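Everything below concerns the one structure shown next.
The values are calculated or read from the model by the stated rules, or taken from the named source; none is laboratory data. As the structure is a computational prediction, the values presented were derived from the model and not from experiment. Note that we place each Cβ from the backbone using ideal geometry, even for glycine, and neighbour counts take in every protein chain shown.
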Amino acid sequence: MLIQLQDVSFSYGGQTILRQATWQVNPQERIGLVGPNGCGKSTVLSLLARQVKPHGGSVAVARGRRIGYLPQDQSMDLSGSLRDSLLEPFADVLALRTELNQLEQRITDGDHDLSLLDRAGSIRHRYEDQGGYTLASRIEALISELGFLRQDLDRPMTSFSGGERSRIALAKVLIQEPDLILLDEPTNHLDIESTERLEGRLAAYPGAVVVVSHDRAFLNAVCTSIVELVDGAIEQFSGNFDRYRTLRAQRVEALQRFIAKQKAQIAKIEDYVARNTAGQKARQARSKKHILDRLDRIEVPQDPWVKAEDLRLRFILPELPGGKDVILAEDLAVGYDESLVEGFTLSVYRGDRVGIVGPNGTGKSTLLRVLVGRAEPLAGTIRFGHRLSIGYFDQNRSDLNPNNDLVDEIRRARGEISTDAARDILGALRFSGDDVFRPVSSLSGGEQNRLALGKLSLLPWSLLALDEPTNHLDIPARQALERSLVEYRGTLLVVSHDRYFLDRLVTKLVVLTPGRPIQVYWGNYSEYRRSQVAGGLRVDRREARQGGEEAKDERLAGYRARKEHKRVVERLARRCGDLEFRISEIEREIEHLDARIGAQGIVWADLEELVGGRTKLQSELEEKLATWERLSTELERLSQLGPEGEGTPTESTD
């Protein structure tokens, strides 16, 4: 046992965070602490870190165990350089280094007193045991993992941005290698690459980890168990986040079956009692009535997760969806004072779902703004499709007026909406009561995101361009947003670091990598990463070791191009086949509905339902036909070009 909560109770602002909760963290456990926003996850971490005291019960830490704690918001000493800040926790080790240097200098100057030599040897062993000789290399490796350069070590702390300072705070916790690490949203301000490196470090960490995170892919990669905090109670599930969701659903289903069975038994007994209030069986009826009175009747509790997921968003298409070609960008250069992206060509067709990924600072958001006409390219051309309407979500939420209340902000999007209708819309976004009259400036980041997404859903768009839409959203809100975007039938362009989100939604990736041409990859993020690990990354390391074998490099590159070309062609062929099968199914369903609609004697209610179903099927048929036409054209083009031809899918020509 590293740390234990025993019958702990804690309340804050009238809300019960923990109610006589007992829980312990054991060595080498990696635990994800989850729950809807506002349930008190950060407070529990503060209790574990002993930053706050419980109102009841106790928090016990095993003797001699060290705890490292990263809160979401932390103050930081900005004096000195990054190197000074990272060395700050090692004052004792640095003191040993200073004393050892002084002793070695005295020995070099000719003082060979045996006690001096013994003292120097003793300090040298202590310095080595405490990791002094490897400290510099550990710091350099860690800052590289978190996206810093070696030369950043000498930059003054005042020169770093808020996001960079958050990463520095994370580095200060990790470099100390405590027995227990407590992390509150550690992936905030990390790009995908840095997040994946952090996952690898934590998954192999010899100590224990408790982490609060809304990044589901991160929880899947790191955690060996999930602890749920709901209504003041703590419940632990074995496995990662996906396993937790499965086990939780099974428990809820089992509880519902038990309650249904109990209600059936109660109804049976009540019926028996009602039928036998008098007569020979009256005594038995009174006995059963007594059993009913003492029975602890279980009701299905309100599930806070279900309530938190009740974010009702629906993105709709215009009546006229526009042409097949949505965005045709040729030879783009993108940036401000200097280019971040050069020579980039991309074709976006109706129904495409494109994700833009890459490390921080590579120009993802700028590229998105240029692609949708919100910024000018430094070079190149962009053509937009016929009747294109673009809905844009800005991660900085610049479209929100901080001085408006929420009702006014909804009506600013659609002036004809009444105050009552605006309140209904806000209720669907999880704003209720007097909250709807709060100023926008008083909302949290997650609340502002919900409001901005809600405003976006009020108008029809043929293209949604979303810049980090899941930032600040809790897991239930992310799942609700995903559902709404899965149902959206338009074109999607999204910048995101949320791999779970990308896997669920996108079918094509634009991958930005510093110093390399942009890649356009067919598939979601996990498929892209598997292709890199299985092929590109491994080949890169081998080629770096060999060096200078140009002919072999060319053969290898040709082999990889042919293999990738074949894989993409096969995937497109499969997708076309699946679409053809579904198109045939829809056509048969429409024929069946047409026969029922034309039948004699059909009542109006049934006719209305059948016509509505046919309209929905017709819309799906048109969408599937458009997608099949686009993919079959692309399949024919790639089949004719071959792997070496212009337009290979892994090149920027798309």
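Since Val59 meets every condition but one in (1) closer than 18 Å to Ser11 by Cβ; (2) within 31 Å of the chain's Cα centre (by Cα); (3) part of a strand (DSSP E or B), which condition does it not meet?
The failed condition is (2).
Out of Leu149, Leu180, Leu82, which single residue is assigned by TED's automatic domain parsing to the domain that holds Gln28, crowded, with 19+ Cβ neighbours inside 10 Å, under 31 Å from the mean Cα position of the chain (by Cα) and farther than 23 Å from Ser46 by Cβ?
Numbers: Leu149 fails: crowded, with 19+ Cβ neighbours inside 10 Å; Leu180 fails: farther than 23 Å from Ser46 by Cβ.
Just a single option satisfies the conditions, and that option is Leu82.
Being in a helix (DSSP H, G or I), more than 24 Å from Pro36 (Cβ to Cβ) and touching a residue at least 40 places away in the same chain (Cβ under 8 Å), is that true of even one residue in region 413-435?
Scanning region 413-435, I find at least one residue that is in a helix (DSSP H, G or I), more than 24 Å from Pro36 (Cβ to Cβ) and touching a residue at least 40 places away in the same chain (Cβ under 8 Å), so the answer is yes.
Can you name every residue in region 375-397 that is in contact (Cβ under 8 Å) with a residue 60 or more places away in the chain and part of a loop (DSSP other than H, G, I, E, B)?
Across region 375-397, the qualifying residues are Gly385, His386, Arg387, Leu388, Ser389, Asp394, Gln395.
May I ask you to list the residues in region 301-322 that are at pLDDT below 75 and within 23 Å of Ala428 (Cβ to Cβ)?
Passing the criteria: Gln302, Asp303, Pro304, Trp305, Val306, Lys307, Ala308, Glu309.
For region 10-22, name all the residues that are within 18 Å of Glu228 (Cβ to Cβ) and surrounded by fewer than 20 Cβ atoms within 10 Å (Cβ to Cβ).
Gln15, Thr16, Arg19, Gln20, Thr22
Just to check your reading of the model, which residue among Leu367, Leu400 is within 16 Å of Ser347 (Cβ to Cβ) and under 27 Å from the mean Cα position of the chain (by Cα)?
Going through Leu367, Leu400 in turn, just one is within 16 Å of Ser347 (Cβ to Cβ) and under 27 Å from the mean Cα position of the chain (by Cα): Leu367.
Can you name the condition, by its number, that Lys261 falls short on among (1) crowded, with 16+ Cβ neighbours inside 10 Å; (2) farther than 18 Å from Gln479 by Cβ?
It is condition (1) that Lys261 fails.
Take residues that are in contact (Cβ under 8 Å) with a residue 40 or more places away in the chain and tell me which of the helices (runs of 4 or more DSSP H) falling wholly in region 240-333 contain 2 or more.
Details: elements: 241-275, 282-294, 304-308.
Counting at least 2 such residues, we get 241-275, 304-308.
Restricting to region 446-485, and then to whatever is over 19 Å from the mean Cα position of the chain (by Cα) and of a type outside the set (A, V, I, L, M), can you tell me which residue is surrounded by the fewest Cβ atoms within 10 Å (Cβ to Cβ)?
Taking the candidates together, the pick is Pro460.
Of the conditions (1) buried (at least 19 other Cβ atoms within 10 Å of the Cβ); (2) in contact with a helix residue (DSSP H, G or I) (Cβ under 6 Å, 6 or more places away or on another chain); (3) of a type outside the set (Ser, Thr, Tyr), Arg197 satisfies every one except a single condition; which number is it?
Only one criterion in (1) buried (at least 19 other Cβ atoms within 10 Å of the Cβ); (2) in contact with a helix residue (DSSP H, G or I) (Cβ under 6 Å, 6 or more places away or on another chain); (3) of a type outside the set (Ser, Thr, Tyr) is unmet by Arg197, namely (1).
Would you confirm, using the coordinates I've provided, whether Arg165 is surrounded by 13 or more Cβ atoms within 10 Å (Cβ to Cβ) and not assigned by TED's automatic domain parsing to the domain that holds Gln74? Spell out the reasoning first.
Values: surrounded by 13 or more Cβ atoms within 10 Å (Cβ to Cβ): yes; not assigned by TED's automatic domain parsing to the domain that holds Gln74: no.
Taking the combined requirement at face value, the residue does not satisfy it.
Scan region 369-398 for residues that are over 16 Å from Ser339 (Cβ atoms) and out of contact with any Phe, Trp or Tyr (no Cβ under 8 Å at 6 or more places or on another chain) and report the count.
Filtering region 369-398 for residues over 16 Å from Ser339 (Cβ atoms) gives 372-374, 383-398.
Filter once more, so that each one left must be out of contact with any Phe, Trp or Tyr (no Cβ under 8 Å at 6 or more places or on another chain): 383-388, 392-398.
So the answer is 13.
Take residues that are modelled with pLDDT under 90 and tell me which of the strands (runs of 3 or more DSSP E) falling wholly in region 473-584 contain 1 or more.
Details: elements: 491-495, 508-511, 519-522.
Result: 519-522.
Six or more apart or on different chains, Cβ atoms under 8 Å: show the pairs whose first residue is in region 127-138 and among the aliphatic types (A, V, I, L, M) and whose second is surrounded by 12 or more Cβ atoms within 10 Å (Cβ to Cβ) and in a helix (DSSP H, G or I).
Within 8 Å, the pairs are Leu135/Leu87; Leu135/Phe90; Leu135/Val93.
As an exercise: evaluate Phe237 against (1) under 30 Å from Asp7 (Cα atoms); (2) of a type outside the set (D, E, K, R); (3) in a helix (DSSP H, G or I) and give the number of the one condition it does not meet.
Phe237 satisfies all of (1) under 30 Å from Asp7 (Cα atoms); (2) of a type outside the set (D, E, K, R); (3) in a helix (DSSP H, G or I) except (3).
Any idea which residue in region 107-125 is farthest from Arg165 (Cα to Cα), counting only those that are of a type outside the set (A, V, I, L, M) and surrounded by 14 or more Cβ atoms within 10 Å (Cβ to Cβ)? Before the answer, list the steps.
Restricting attention to region 107-125, the residues satisfying the condition of being of a type outside the set (A, V, I, L, M) are 108-113, 115, 118-119, 121-122, 124-125.
Those left that are additionally surrounded by 14 or more Cβ atoms within 10 Å (Cβ to Cβ): 119, 124.
Values: Arg119: 40, Arg124: 33 Å.
Step by step, filter region 107-125, then rank; the result is Arg119.
Picking from Arg19, Arg50, which residue would you name as being assigned to a strand (DSSP E or B) and of a type in the set (D, E, K, R)?
Residue meeting the stated conditions: Arg19.
Looking at this structure, is Pro469 part of a loop (DSSP other than H, G, I, E, B), closer than 20 Å to Ile316 by Cβ and touching an Asp or Glu at 6+ places or on another chain (Cβ under 8 Å)?
Taking the combined requirement at face value, the residue does not satisfy it.
Taking the stated definitions as given, is Pro359 part of a loop (DSSP other than H, G, I, E, B) and either over 25 Å from the mean Cα position of the chain (by Cα) or polar (S, T, N, Q) (or both)?
No; evaluated as a whole, the condition is false for this residue.
What about Leu400, is it over 25 Å from Glu185 (Cα atoms), aliphatic (A, V, I, L, M) and in a loop (DSSP other than H, G, I, E, B)? Outline the logic, then answer.
On the way: over 25 Å from Glu185 (Cα atoms): yes; aliphatic (A, V, I, L, M): yes; in a loop (DSSP other than H, G, I, E, B): yes.
Yes.
Does Asp73 fit the bill of being in the same structural domain as Asn188 (by TED's automatic domain parsing) and modelled with pLDDT under 90?
Working: in the same structural domain as Asn188 (by TED's automatic domain parsing): yes; modelled with pLDDT under 90: yes.
Taking the combined requirement at face value, the residue satisfies it.
To keep it simple, each residue is scored yes or no on (1) of a type in the set (Lys, Arg); (2) modelled with pLDDT of 70 or more; (3) over 23 Å from Arg489 (Cβ atoms).
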site	(1), (2), (3)
Arg588	yes, yes, no
Arg596	yes, yes, yes
Gly613	no, yes, no
Leu621	no, yes, no
Thr627	no, yes, no
Thr633	no, yes, no
Gly645	no, no, yes
